[in-house]
Each structure stands twice: as C-alpha cells, then as structure tokens.
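Undergrad: Take a look at the following structure, please.
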Amino acid sequence: MSPEQFLTRLAKNGPEPAYLFLGPEAFERTRCRRALLDAVLPPQEPAERENGFTRHDLDHTSLAAALDDARALSLFASRRVIWLAAAEAAVPRVARVSGDEEPAGQDALTAYLREPTPGVVLVIDCSRYEFDGEDKARIERVEAFFSAVPAKVEFRAYAPEAARFLAQKLAKEAGIQLGLAELALLLEATGGDASRLAMEIEKLRLFAGTARKITADDIAALVPDAQSTTIFALVAALGRGDRPRALELLDTLSRAGEYMPLALTFLATQFRTALAAREAGLRGAGQIQAHFTKLGTRMWAERARQIEQTMDAFSKERLERAVERVFETDRGLRDARPDDRILMEEMVFALTSR
C-alpha cells in the first residue's frame, strides 16, 4: 500500500499487528511513523509513550531475539510499538533454494504472526534499497523474506509533478512567496527530495520571512547545489560564444568558493547528456525527460529544458569538442598543484573560439 493508504486505514481501522516498511523515501516515512505512534501511544500520555516505544537494529540484534521482546509483557506499558530497523540485515546473503528449510528468523516471524501479542505493533523497516536499478533484486529479496507480514507500505521517491505539488503545498503552509522560476530552482537544487524540500523551505522562511518574495539569490545562498544554475548559465554563455560573460560567471563561481573540479563534473555531465540526446535524435524537453527516465536516470522538467537549450546552442561537433576539452581540463586539475582558475579560463577560451 502507499503511505496515503496506510494513513487512511490506520485512521479508519486502527493499527495492524505488524507492518513491513519498504523504500528510502524519508518524508512520508516520518509522517507514517508519527501517525502510528500517535495512534498506539498517544502524546497525551507521555509516560506510556516513553516506555512503550522500543527500537532494535537488526544488524546488531537477531530477528528471533527482537521477536522474543515482542512476546514479552512489559511492566511499564500496556501498549507497545517495536521498531525493527535495518531489516535487510536479517535476510540471508545467499538466496534460499526451493525445498530448503526456512531460516530460523523467518520461521520465528511466521510463528509470531500466527499469534501476535495483543497491544503490540511490530514495524519491520527496510530503508536502504531503492525500488529500481541495482537495488531492485535486493528489495525483492527483503520483501520475499518478510512475506509473512500481511501489511506492506512502500515508500517510493516522489515523481517530478508530485514533488512540485508538495513544494507548493509546503511553501503555502510556511507562508513564503515562491515564484515558478524560484520553485523550479529549488526543485532542481534538492533533486525533488521531499525531506530536503521541507527542510529548505523552512530555512527560507526563517531567512527571508513572509513579507517579501523569495529570490534566486536567497536560494543560492541557503540551498546546497543551487549554484548549479550559475554553472548552467556558464554552459549557455559558452554555447553563445560569449567569452566575457563566461569569464564573468567563472569569476562568480570562484568568489563563491565553488570547488572547480565539482563544477567541471557538472559541465561534463551537461555536455555528455546533451550529446547523448542529440545522438538519440531527441526533440524537445518532453522527449528528453521521457528517454532518460526510461533509462533509469531521474530527470526533472527543468533539467530537461536545460539539456534542450544546450543542444540548441551546440552543434554535434561542438559538443564532441566540449567533452574532449572538459576531459583535458579535468586531467590538468589532477596534476600536482594545478592552478584551477587558469585551467578553467583556458577551457573557456578554447570553447569560445570560432
């Protein structure tokens, strides 16, 4: 089930004896965790809440020992929430062959769930793995190992449009004025991560207040990775062949303390992605976003538009030359005691030469 379904069922039917929480998304997991604690251990009863919550890390405690704790009656709390973190640690490293006996922990869990302890809610939490890519097989093994748990909640990363809607909702709740351009910048800087969005919006509220509109400079000053927009402006200046503007932007990055090898990595990614999009025959930001998302690379609409603009500014030959020049500059930055600024300026001169 989704986090929203979990919250709806919890409010309507009360808690289940056990839950399996899967996925790395932290914002919704925090919401669900708070709602579950409020339902089982109300905040109006602080002593019950303090004594009724227990956490075990399964990379230090065996699943069987944690289940023994769940069976034990507490002298200090009539209701309990037992949180089993790092659930992936309980899964055997070698997949079980059909016909093999179940591992002791899995067998103990099945036996416990046949007669769960009244008043106890067990939460088995695996937050380490994603649902796709290299982690897909790992999270499927975790799900299979804990298949006896009937209630499963999946914490998937927010889709781009869902993250945009959440950011607008959080900004409205915080009372800050956030324009569409600034919203796009915030989404790009945070990668659409819901927890980071909530944290950065709160920082912006404390920094700028609610009386004026949030500016791009506010975001650049407070939000990590927001300086990537300055680097993109550098890409645009290089594409136009605007050497003075490119050098001015390079100076801005230098004065802001940007680590030049990191800036160069962004440039390399921008040029390589634009070259790959051109070679794939992609047209428009929509095709670019869909193509790279299908390949497993999450891409936001604003980022796809940046790639499209880079493709428009650079021919295939200039993109190939830019990739080669960035590689040469990166190699130079790795030499003993390089002058990063001079190497970056030489790259700008090379890429703005006609």
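The values are calculated or read from the model by the stated rules, or taken from the named source; none is laboratory data. Owing to the predicted nature of the structure, the values given are computational and were not obtained by experimental measurement. Cβ placement follows ideal geometry from the backbone for every residue including glycine, while neighbour counts extend to all protein chains displayed.
Undergrad: When you look at R303, is it surrounded by 17 or more Cβ atoms within 10 Å (Cβ to Cβ) and at pLDDT below 80, yes or no?
TA: Here the answer is yes, as R303 does meet what is asked.
Undergrad: Please pick out the residue among Q177, Q168 that is touching a strand residue (DSSP E or B) at 6+ places or on another chain (Cβ under 7 Å) and either over 23 Å from L109 (Cβ atoms) or charged (D, E, K, R) (or both).
TA: After applying the criteria, what remains is Q177.
Undergrad: Name the residue, out of T329, T310, T273, that is within 24 Å of the chain's Cα centre (by Cα) and closer than 20 Å to A246 by Cβ.
TA: None of the others qualify; the one that does is T273.
Undergrad: How about the stretch 308-354: which of its residues are assigned to a loop (DSSP other than H, G, I, E, B) and either surrounded by fewer than 17 Cβ atoms within 10 Å (Cβ to Cβ) or free of Cβ contacts under 8 Å to residues at least 60 places away in the same chain (or both)?
TA: S315, R334, D335, A336, R337, P338, D339, S353, R354
Undergrad: Can you tell me which residues in the stretch 39-55 are out of contact with any helix residue (DSSP H, G or I) (no Cβ under 8 Å at 6 or more places or on another chain) and either at pLDDT 90 or above or not in a helix (DSSP H, G or I) (or both)?
TA: Listed by number, the residues that qualify are Q44, E45, R55.
Undergrad: For the subset of the stretch 105-157 comprising residues that are over 24 Å from Q5 (Cβ atoms) and among the β-branched types (V, I, T), which member is surrounded by the most Cβ atoms within 10 Å (Cβ to Cβ)?
TA: Selected residue: T117.
Undergrad: For the stretch 68-81, name all the residues that are of a type outside the set (S, T, N, Q) and either exposed (fewer than 15 other Cβ atoms within 10 Å of the Cβ) or modelled with pLDDT of 90 or more (or both).
TA: D68, R71, A72, L73, L75, F76, V81
Undergrad: One residue is enough: does the stretch 312-324 have a residue meeting the conditions within 15 Å of A236 (Cα to Cα), polar (S, T, N, Q) and out of contact with any Cys (no Cβ under 9 Å at 6 or more places or on another chain)?
TA: Yes, that holds for at least one residue.
Undergrad: Which numbered condition in (1) over 18 Å from the mean Cα position of the chain (by Cα); (2) farther than 30 Å from E48 by Cβ; (3) at pLDDT 85 or above is the only one that P92 fails?
TA: Exception for P92: condition (3).
Undergrad: Go through the stretch 167-193 and give me each residue that's modelled with pLDDT of 85 or more, closer than 25 Å to S2 by Cα and buried (at least 19 other Cβ atoms within 10 Å of the Cβ).
TA: If the condition is that a residue be modelled with pLDDT of 85 or more, closer than 25 Å to S2 by Cα and buried (at least 19 other Cβ atoms within 10 Å of the Cβ), then A167, L170, A171 are the ones that fit.
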